[in-house]
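Trainee: One structure is given below, represented as structure tokens, and several questions about it will come after.
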């Protein structure tokens with residue numbers, strides 16, 4: 001998979017071909033079919049790998065503190081993870097690969113993060129409509145950072161104040177301010 005990621009980083013996800021992946025790992029393209037059935041199958045494996053890595057980072061950040069503190073920490077991990085690798089962000093958080101839909105097994109990893117985030121938002125008094133706003137906030141900061149200041153922090157530095165504004169808009173008396 002490292003060859004596929006290397007191509008994605010160099011040329012973009014859409015430019016990846018099984019022929020080039022096979023060449024980089026020293027195989028002929030027909031031999032690659034022993035490992036993956038198609039290019040979409042390779043994208044699925046990459047999707048699963050990236051989500052597993054994201055979940056591991058979120059787990060390392062821990063679940064200590066209030067729900068508010070946990071959400072702020074989780075959000076920072078997700079945002080940093082996404083902006084550090086635009087190809088990975090594209091695969092995980094946009095639907096830019098024609099015909100690619102993650103398999104149920106791969107998507108189950110993404111659902112773990114969704115469930116964890118939804119639980120924290122619910123604890124903070126935010127239901128599904130507010131969760132959509134939260135997602136748009138994170139995705140927007142990420143997209144702006146990647147598009148307009150790659151490697152910088154012009155947009156990512158606003159994460160905590162923006163989340164504070166968002167959370168203050170949906171007060172929950174069980175969380176101290």
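The values are calculated or read from the model by the stated rules, or taken from the named source; none is laboratory data. Here the structure is a predicted model, which means the values were calculated and not measured. Positions of Cβ are generated from backbone atoms using ideal geometry, with glycine treated the same way; all protein chains shown enter the neighbour counts.
Trainee: Regarding residue 99, is this residue over 17 Å from the mean Cα position of the chain (by Cα), touching a residue at least 12 places away in the same chain (Cβ under 8 Å) and under 30 Å from residue 40 (Cα atoms)?
Mentor: Values: over 17 Å from the mean Cα position of the chain (by Cα): yes; touching a residue at least 12 places away in the same chain (Cβ under 8 Å): yes; under 30 Å from residue 40 (Cα atoms): yes.
The answer is yes for residue 99.
Trainee: Tally up the residues in the range 83-106 that are assigned to a helix (DSSP H, G or I) and either crowded, with 16+ Cβ neighbours inside 10 Å or on the phi > 0 side of the Ramachandran plot (or both), please.
Mentor: Within the range 83-106, the first condition is being assigned to a helix (DSSP H, G or I), and the residues that meet it are 83, 86-93, 104-106.
Narrowing further to those that are either crowded, with 16+ Cβ neighbours inside 10 Å or on the phi > 0 side of the Ramachandran plot (or both): 83, 86-93, 106.
The number of residues fulfilling the criteria is 10.
Trainee: Scan the range 9-42 for residues that are surrounded by 13 or more Cβ atoms within 10 Å (Cβ to Cβ), in contact (Cβ under 8 Å) with a residue 24 or more places away in the chain and part of a helix (DSSP H, G or I) and jot them down.
Mentor: Listed by number, the residues that qualify are 9, 13, 18, 40, 42.
Trainee: Check the range 161-172 and report whether any residue there is touching a helix residue (DSSP H, G or I) at 6+ places or on another chain (Cβ under 6 Å), in a loop (DSSP other than H, G, I, E, B) and within 22 Å of residue 54 (Cα to Cα).
Mentor: Among the residues of the range 161-172, not one is touching a helix residue (DSSP H, G or I) at 6+ places or on another chain (Cβ under 6 Å), in a loop (DSSP other than H, G, I, E, B) and within 22 Å of residue 54 (Cα to Cα), which makes the answer no.
Trainee: For residue 159, are the conditions met, namely being within 15 Å of residue 69 (Cβ to Cβ) and either at pLDDT 95 or above or under 18 Å from the mean Cα position of the chain (by Cα) (or both)? I'd like the intermediate steps shown before the answer.
Mentor: Working: within 15 Å of residue 69 (Cβ to Cβ): yes; either at pLDDT 95 or above or under 18 Å from the mean Cα position of the chain (by Cα) (or both): yes.
Yes; evaluated as a whole, the condition is true for this residue.
Trainee: Tell me the residue from 147, 143, 122 that is buried (at least 16 other Cβ atoms within 10 Å of the Cβ) and out of contact with any helix residue (DSSP H, G or I) (no Cβ under 7 Å at 6 or more places or on another chain), please.
Mentor: On the way: 147 fails: buried (at least 16 other Cβ atoms within 10 Å of the Cβ); 122 fails: buried (at least 16 other Cβ atoms within 10 Å of the Cβ).
Going through 147, 143, 122 in turn, the sole match is 143.
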